[in-house]
1. Just the residues that are free of Cβ contacts under 8 Å to residues at least 40 places away in the same chain and in contact with a helix residue (DSSP H, G or I) (Cβ under 9 Å, 6 or more places away or on another chain), please, taken from segment 150-169.
2. Exactly one of these conditions fails for Pro83: (1) at pLDDT below 90; (2) more than 30 Å from Arg163 (Cβ to Cβ). Give me its number.
3. Return the residue satisfying two criteria in turn: it lies in segment 342-355 and is surrounded by fewer than 19 Cβ atoms within 10 Å (Cβ to Cβ) and under 11 Å from Thr304 (Cβ atoms), and of such residues it is farthest from ligand 2 (Cβ to nearest atom).
4. For segment 346-353, check the following and say yes or no: at least one residue is within 16 Å of ligand 3 (Cβ to nearest atom), more than 30 Å from Lys99 (Cα to Cα) and assigned by TED's automatic domain parsing to the domain that holds Val436.
5. Which one is nearest to ligand 3 (Cβ to nearest atom), of the residues in segment 315-324 that are touching a helix residue (DSSP H, G or I) at 6+ places or on another chain (Cβ under 6 Å) and not in a strand (DSSP E or B)?
6. If you go through segment 119-129 one residue at a time, how many are surrounded by fewer than 20 Cβ atoms within 10 Å (Cβ to Cβ) and among the hydrophobic types (A, V, I, L, M, F, W, C)?
7. Which condition breaks for Leu427 when tested against (1) of a type outside the set (Ser, Thr, Tyr); (2) surrounded by 21 or more Cβ atoms within 10 Å (Cβ to Cβ); (3) more than 21 Å from Ser259 (Cβ to Cβ)?
8. What helices (runs of 4 or more DSSP H) completely inside segment 388-473 contain at least 1 residues that are acidic (Asp, Glu) and at pLDDT 90 or above?
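The values are calculated or read from the model by the stated rules, or taken from the named source; none is laboratory data. All figures in this text were calculated on a predicted structure; none of them were measured in a lab. All Cβ positions, glycine included, derive from the backbone under ideal geometry; neighbour counts span all protein chains shown.
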Amino acid sequence: MTWWLPVVLAAVALVAYVVGSATAQRQRRRTTDDLEAELARVTEQRDELQQQQEELERVALRDEVTGLGNRRFLRDRGAELGPQLADASLLLLGLDRFKEINDSMGQSAGDALLRQVTSRLLECVRTNDLVTRLSGDEFALLLPDAGDWTAARTADRVLDVVRRPFDLNGRSVQARGRIGIAHGYANVRLEELLRNADLAMSQAKAAGSDRACEFDEVMAADTTQQFSRDVEMRAALTNGDFKVYYQPLVDARDHRVVSLEALIRWEHPQRGVLPPSEFLAATERNGMIVDLGRFVLHTACQHTAGWRRKLPWLTVAVNVSERELFDPDFTAQVAGVLAATGLPPEALVLEVTETVLAAEDQITEILSPLTGMGVQCALDDFGTGHSSLSRLRHLAVDEVKIDRSFVMEISQDGAPDSPFVAAIIGLAHSLGLRVVAEGIETTVQADFLRDQGCDELQGYLFSKPVPAAKIPAILRADRAQQPPAAV
Ligand code: C2E
Ligand code: MG
Ligand code: MG
């Protein structure tokens, strides 16, 4: 063995040791780096998951459009309040026209309306009150520690702010609200408050919009009755127990029949002939008015098309309620009925009330395809709402019907106790509108209105509303009495 061999072996061993320990160190360092990176990744994932969870909780409790709490949020708050719910009040607000606005102006306009309503609602409440959105057009306001007075005042304020016009895509749009109020009591649960407020809200709606109604026990009993009456009404429509009656409108100068108003009646097998005051509000509440209105429109157009074969100047007026008018199919429905029955559009007058005209823009939009075809439009019960005659200028109205309450003010010597009737005839004429007076019961009233220039008269003095079968005889007698004018 040469002397250098151990030296070489020792050197190789030293190099191997140095290289080996450097590699091990590198590996150790890599493992630490990897672990640190892994840790960072896990932490990041955990934060992400936490964020997602928070987001999920937020979404589960919040309404995306308005940012308000939703039904679950309200329920949680109710649970938090526990026995304190006994001293709370719940206001349920429903918005009229939300669906129509959504349908006619698009969802973004509907969302904008909801957001504007939200900020106005927040103006109406105290700091510890809770405003939530429950569904489409329904908001709930939970007012802890609020007795009858505070709840009623808040409801008034809410109705006030909802009444103010909304600016939707640069258009001024009117909406209205209906409110149900429920007060807490010992051991009440939030679900019970919600149910009671809901019943009260239906009552507010049945009484017409723009009002608040408080829940009471009688209401709960009424609901069961209402349900069976709704079932009975539906069956009556299917069985043909609803009938269209007609009341003539006569020319104020010669009392010749010029038109007929279609008026719905329920020929009840046990209770006799029921007027609209007995059932119309209920059909508006449960939505049956849309089907009932279609039935009246179709029947009236069909009958009149037949009577016009002998009396080609005859027209027919059909009442249209707010809910029917805002039904998305309304325009197509009217056009379809005219086409199916062969009644010319000029022979149909649609009667709408002043309250409907609050939503001026939408009404013009809904009615203009029809008035463009020649269908006429009358403003019914004029003087009972808030319209001013100057507003009529902007509306597609052909006729104004002075409400019976003003005709009743014409005293026996013919002088009106209020100057309204004479003023309205003059103003309406200056706008080129036809004027009809309703509810004429005496010749004094008829003569006074004729002298004031009223165009047409309608009332028991000439005829009560009668079934369709009696109309041909009335028209024959009318023609026999006076020579028909040239047509
Ligand atoms: P309206 O459209 O103002 O109809 C006139 C009402 O006055 C009718 O009451 C008619 O019978 C009554 N009337 C007419 N002349 C006289 C009179 O000389 N004296 C008295 N005391 N009353 C008179 P009716 O038929 O009970 O209808 C009440 C309301 O119900 C109508 O008022 C109308 O708003 C609504 N209505 C009637 N039929 C329909 C319908 O088919 N659809 C809709 N949406 N509403 C209808
Ligand atoms: Mg009418
Ligand atoms: Mg009327």
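1. Hits for segment 150-169 are Arg157, Asp160.
2. (1)
3. Among residues in segment 342-355 that are surrounded by fewer than 19 Cβ atoms within 10 Å (Cβ to Cβ) and under 11 Å from Thr304 (Cβ atoms), the one farthest from ligand 2 (Cβ to nearest atom) is Gly342.
4. Checking segment 346-353: not a single residue is within 16 Å of ligand 3 (Cβ to nearest atom), more than 30 Å from Lys99 (Cα to Cα) and assigned by TED's automatic domain parsing to the domain that holds Val436.
5. Applying the filter and picking the extreme gives Ser321.
6. Number satisfying all stated conditions: 2.
7. (2)
8. 443-451
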